Structures are given as structure tokens and as C-alpha cells.
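The values are calculated or read from the model by the stated rules, or taken from the named source; none is laboratory data. Everything numeric in this text was worked out from a predicted model, so none of it was measured. Neighbour counts are summed over all protein chains in view; Cβ atoms, including those assigned to glycine, are modelled from backbone coordinates with ideal geometry. All accessible areas refer to the heavy atoms of the entire protein, side chains included, with ligands and DNA or RNA removed. Shrake-Rupley method; radii C 1.70, N 1.55, O 1.52, S 1.80 Å.
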Amino acid sequence: MAIENSEWLDHLKEAIPAEGYGNKLSMSLIALEAWRRGIEVKFYTIDNPDNKVLVRYSLEYGGRTHYFESSLGDKLSAEAFDVCEYKDLTKKYISYAGVRFPKGKVFTRSADKKDIINFASSLSFPVVVKPLDENAGKGVFSNVDSAENLIEIVDYLHNDLGYEQLLVEEYIPGVEYRILTVNGKVEGVVNRTPANITGNGQDDIETLIKKKNKSKQDNPAISKKKIKLDKEVLQIIENEGYTLESVLEEGRQLYLRSKSNISAGGDPIEITDEVPAKVVEAAEKATQSIPGLNIAGLDIIVEPETGEPVFIEINTKPMIGLHVFPIKGKARDVVKPIVDLYFPETKDIERSNLHFDFDSVVAPLNNLAVKHVDLEPLRDVKPYHTREYLIELNEKEGNFLSHIRLKALKSGVHGYIKKINAHTYQVVAATSTQEIMKDFQEDINKGSEAFKISNMQEKTWEKSVNIGFIIKKESLKELADKLDTENDNYKKVLLEKNETIENQTAELKVKTKTIEELQGEIETLQETMRDYKEKEKGLASKISKHEKRIQSLTLELGENERARISAENLLSKEKENAALEKKKYERNYDKLWKQYKGIVNSKSWKITKPLRKYNITKRNKKG
């Protein structure tokens, strides 16, 4: 089941299976709208030289039959087809309506490269280069900014892609619109943005492109309009300074193409209610200027400065799904006016809310089992009463699916039953009257005891319901989605484990680094210790020498000490002798002093004093 935009049309939700996506979407939408009105629908294959399976369809009502290839019907005139097939011719017709278009010139393979460069220079670079007879953006190169790039692209289109005639025209910057017109009136407008990705700061550009392509799978209009890694995309990535391995910054939007074609990976945004009236008028004039152009897709660029619409291209087989399933904006019911155009007598018929299984219709055609498949017309062309029931059983019951289906088929109930889990079932039912719905619900309740129904919840159902009643199994897409979910969960777990391992590795690296640092420190210490040991040896040698010197000095000191002691003893003895001599002298002195005193104090000394005095004076005079 597709992931639905909340603004998609209710009557188409769940009505378009995967087989109806992509290039078959216009066919499935128009055929379904016609069938819901009671118009007979027939699918068939046509022969072709390439042996490809080409499915076409026809619509028949009131004795009239019309034939279609996708959105292109047989009411398109031969003149309109030829005019729109060749871009140069298209411009001539458009000019009659007074709608501006880019200046340009056609060049063949034999054209002189100098002439191409001169013409491009006269327009002023950048320019646009594209095949003359191609559409849907194939081979279109916008914003070619130099003569060198111009010639490189021309050679690529001629030699690699095989185009004979190329159109070189002026580049018009601005907002681009894809406008759908039906019978000369605008029915839908989308703003097409070029293929782009938005960075998340984690994934590289190649991964972001893969994720963007995967997100398109759920949209019927763009599921197969993937972004391809071609020359233009790779060149733009390089010009922006990135590679496929570059991680795009979070929030950074990178445009991968200069052109905005949906077929080249662009995104459709529905803006019909916002488009300027001037643009609508230009689109309608352009369409009406080509006789017999009843359905068309126009590409128009609006210059930002002047607001003037400029016609770029026109397509006679437009992708109507862009307006029905936009990625943003309000969906437009552009299918109804197309069927109104071919069968105006049915436009007031209120469409049924049933749908046929497109997958089962085209399968035998794709397998070449049959040449055509005729759909059974609806018996009651009106909206059916619809309900959804969620039924819970107390125990597993294998026959419950078959039981409900049998009851539905007997009662004329359309829809399906689907097993949600071991005890829960979903039943979607559509009936032509309320009474049939009530009876069907009572039939379910009657099985409460037999199947041990514990709970039944009734809900409204506003989506489409398949014709007939089937036991619905998980589709390949649902299984793929489940597998993707499981893979995502596995990747998430794996990522968490990887993060844990990375964290542990980082911690280990830190520890390893610490150990390495410690080992380095240890080695340094060991080296220092070796140095110390060498120094220690030297010191030991010096200490040994000093010890020997000390011993020598000690011996010398001992001899000196003995000499000192001997000298001291000798001195002491001399002192003692001196003391004895002193005492002896002192005794002699005392004795002599006493003798002196005895003489001086004697009477004879005193009587002879004058005589001694005279003798002294006489000696002095002689002297």
C-alpha cells in the first residue's frame, strides 16, 4: 500500500496498485474513472518491431468508441500532433497567440561548431541545448555556461545519444510550471523542482540519492522517476565542490539537475490555486493556438523580475498523475474533465467508489497469454455504502477467512478480509444498500460463538473498495516494506553495535595510547637508570680512589699524630724542666735578694755611704 499524502483524493486511495504506477498511471486513472461511470473498458496489446509489450485501451459508451495511449486519445488532431512533435514548429504556432518563447536555432549534425558557438554567444551564455524532436526532458541540458561545455554537450548528443537535430536557445531563469490543459482550459498546475537531495550530516551524497529514490516508490506518479547518476548529475556534483563520497551538511539542499523534468527525478508540487492569472491566460492561449490540441502539458517559466510567462515546451501525452499525486499541495481531480471531454453525456453520473484490480487485468497481457481483456461493466453505477470492521478472536481459527468470504459473496458484498495478526482480522466491506451491510454484520455476529469472537469494532471507510470479495494477502510491496523495516531495524541494531564497538575501540585506543605513553616513559626511565648506573660506576671508581687516598691520608695522619704526641710529651717535659729551673732561679733570686737586703740594711753600708758617693762622682768625672 502506498504511503498517502493527506491531501490526495479519497476516491483514489487504495485504488491504484503498484502495476498502475509510473508510465501506466495515466492509463489506469482514465480507465478507472470511465469504468466507475459505467463506460465499457477494454485493454489490448499492439504489435511492434521491438517485440515489446505495448498495452493500449479503449473506452466505449453509447455506441461510440475512443482509443487511448496513456493520456493521449484519438481526439487529438494529426495537425496538433505534428506541431507539438517538432519544437521549432511549435514556436511558430505559439507566436500567433502572442506568447513569448526563447530565441533559438536548429543545428544539424553537419553544422560548423564555430557557427554554433557564435549563435550561442549572440544569445549570451548560459544557453539551453536539447534535441529537436524529443520530450519529457530527454537530452535537455540547461544552463550551459561556456563554449567549451557547449561543444562537449553537442558532441555527446550527436555521437553518444544519436540525435541528428539540436535546438540551441536562450536560457530563461525563473519559476517553472507544468500546466495541464483539457479542451483549452487549465485544469492543474504543478511547480516542478529539479532533482535534489537534502543533507543530514551523516550520509554521503550517493547514499542520499539512493534514499531519495526509495522514498519515491510510494508515490504512484513518481515511483519510477528515479535520479540517475548520469553525466549531468555527476558534473553538477563536481561543480558544487563535492564527490559521491562527500557527506552533505545537515539541512543543505543540493540540486542535481538544471532542468526540472519529473522524468529526470524532479519533484511535483501542486499550486493551481496559487498560480498568477497571467500564467493561466498564457497557457490557455498557447493551447488554443494549435488546432485539435485537446489535452496538453505545457512547460512555462515565469521571469522573476517582470513576471512575464515564457513558453518552453508542450507535450501531447502529459503525465496527469503529477496533479493527482503531488508530493505537496492539494490533489486535483484532472481525470474527470478528460473523461467528460470524450463522453460528455456521463459527466453528471456520480462515480462508483469501487475499483477493479488493475494488476490482474494487465498480467495476462504482459504474459502474452491473451491479446485483449474486456472488463465487466458495473451493474450499479453509484457510490456504495462502506464500512471497516476490526475483529478479534480469542483463539486462532484457520477457517475464519474462508467463512467471511463465503458470507460476503453470497450477500453481494464487495471488499476483502485480511489477517492482521494471530487473533485480529480486518474486514472492509462495500454494499449497494444499508440493509445488505446490516445483514452482513449480523452474519459475522452469528459466528461469534463458533469462532469465539471477543470483540468487533466498526469504523467508517472513505477509501475505494475492490470489486468482488477476496482474502487479501500481503502484497509483494507490503512484504518488501516489512523486509525494509526489518532491514532498517537490523541496520539500526547493527549501527548501535558498531557505535558501541567504535566507542570501545576509541576507549581502547585511548588506553593503548596511555599504555604506549607509559611504555615510553618507562623506556625513558630505563635509559635514565642506565645513565645513572654508568655514572654510578664512575662514582664508585672515584669513591674507591678517594677511600684509598683517605687510607693513605689516615696513615699519614697517624704518623703525624704520633709525632705530635711525642712533641707534646717533649714540650711537656721541657715545660716541666723550665718550671723547675724557674723555681730554682726564683729560690736563688730570693736568696740573693735577702743577701742584698741584708747588706743594704747593715750598719757598715750606712757608714760607708758618703765614701761610696764620692767614689761614684769621681768615676763619672774621669769618664
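Annotations
- Residue match in region 363-370 (condition: farther than 15 Å from Y57 by Cα and over 39 Å from the mean Cα position of the chain (by Cα)): yes
- Options N421, N394, N445; residue that is in contact with a strand residue (DSSP E or B) (Cβ under 6 Å, 6 or more places away or on another chain), farther than 30 Å from T45 by Cβ, open to solvent by 30 Å² or more (accessible area, probe 1.4 Å) and modelled with pLDDT under 95: N394
- Residue within region 483-491 that is in the same structural domain as K396 (by the TED database), under 25 Å from I16 (Cα atoms) and either in contact with a helix residue (DSSP H, G or I) (Cβ under 8 Å, 6 or more places away or on another chain) or modelled with pLDDT under 85 (or both) present: no
- Under the condition of being assigned to a helix (DSSP H, G or I) and touching a residue at least 60 places away in the same chain (Cβ under 8 Å), the residues counted in region 219-236 number 2.
- Checked across region 367-376, the condition of being exposed (fewer than 15 other Cβ atoms within 10 Å of the Cβ), in contact with a Ser or Thr (Cβ under 7 Å, 6 or more places away or on another chain) and assigned by the TED database to the domain that holds T460 holds for no residue.
- Any hit, region 367-375, residues being touching a Pro at 6+ places or on another chain (Cβ under 9 Å), modelled with pLDDT of 95 or more and aliphatic (A, V, I, L, M): yes
- Any hit, region 411-420, residues being under 24 Å from S352 (Cα atoms), in contact (Cβ under 8 Å) with a residue 60 or more places away in the chain and outside any loop (DSSP other than H, G, I, E, B): yes
Residue-wise test of (1) free of Cβ contacts under 8 Å to residues at least 12 places away in the same chain; (2) of a type outside the set (D, E).
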| residue | (1), (2) |
| --- | --- |
| D82 | yes, no |
| E85 | no, no |
| D88 | no, no |
| K113 | no, yes |
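- Test set (1) over 18 Å from E462 (Cα atoms); (2) open to solvent by 80 Å² or more (accessible area, probe 1.4 Å); (3) assigned to a loop (DSSP other than H, G, I, E, B); (4) not aromatic (F, W, Y) - R405 fails condition number: (3)
- So Y57, is it among the hydroxyl-bearing types (S, T, Y), at pLDDT below 90 and under 17 Å from M319 (Cα atoms): no
- In this structure, K216 does not qualify as open to solvent by less than 30 Å² (accessible area, probe 1.4 Å), charged (D, E, K, R) and in contact with a Gly (Cβ under 7 Å, 6 or more places away or on another chain).
- Pairs with Cβ under 7 Å, 6+ apart, first in region 283-296 and more than 15 Å from E313 (Cα to Cα), second open to solvent by 20 Å² or more (accessible area, probe 1.4 Å) and assigned to a loop (DSSP other than H, G, I, E, B): P291/S77; G292/L76; G292/S77; N294/K75; N294/L76; N294/N183
- Unique match (being farther than 29 Å from I16 by Cβ, open to solvent by 30 Å² or more (accessible area, probe 1.4 Å) and of a type in the set (D, E, K, R)) among K231, K211: K231
- Selection within region 377-391: residues that are open to solvent by 40 Å² or more (accessible area, probe 1.4 Å), modelled with pLDDT of 85 or more and closer than 20 Å to H11 by Cβ. The member of this set that is nearest to the chain's Cα centre (by Cα) is R387.
- Test for S26: is it assigned to a strand (DSSP E or B), more than 14 Å from L354 (Cα to Cα) and open to solvent by less than 30 Å² (accessible area, probe 1.4 Å): no
- Extreme residue, farthest from T243 (Cα to Cα), among residues of region 173-194 that are part of a loop (DSSP other than H, G, I, E, B) and open to solvent by 10 Å² or more (accessible area, probe 1.4 Å): N183
- Considering region 448-482, and only residues there that are among the aliphatic types (A, V, I, L, M) and modelled with pLDDT under 75, the residue that is farthest from the chain's Cα centre (by Cα) turns out to be L476.
- Only residues that are without any contact (Cβ under 8 Å) to a residue 24 or more places away in the chain and of a type in the set (V, I, T) were counted in region 200-218, giving 1.
- I197 being outside any strand (DSSP E or B) and either of a type in the set (V, I, T) or free of Cβ contacts under 8 Å to residues at least 40 places away in the same chain (or both): no
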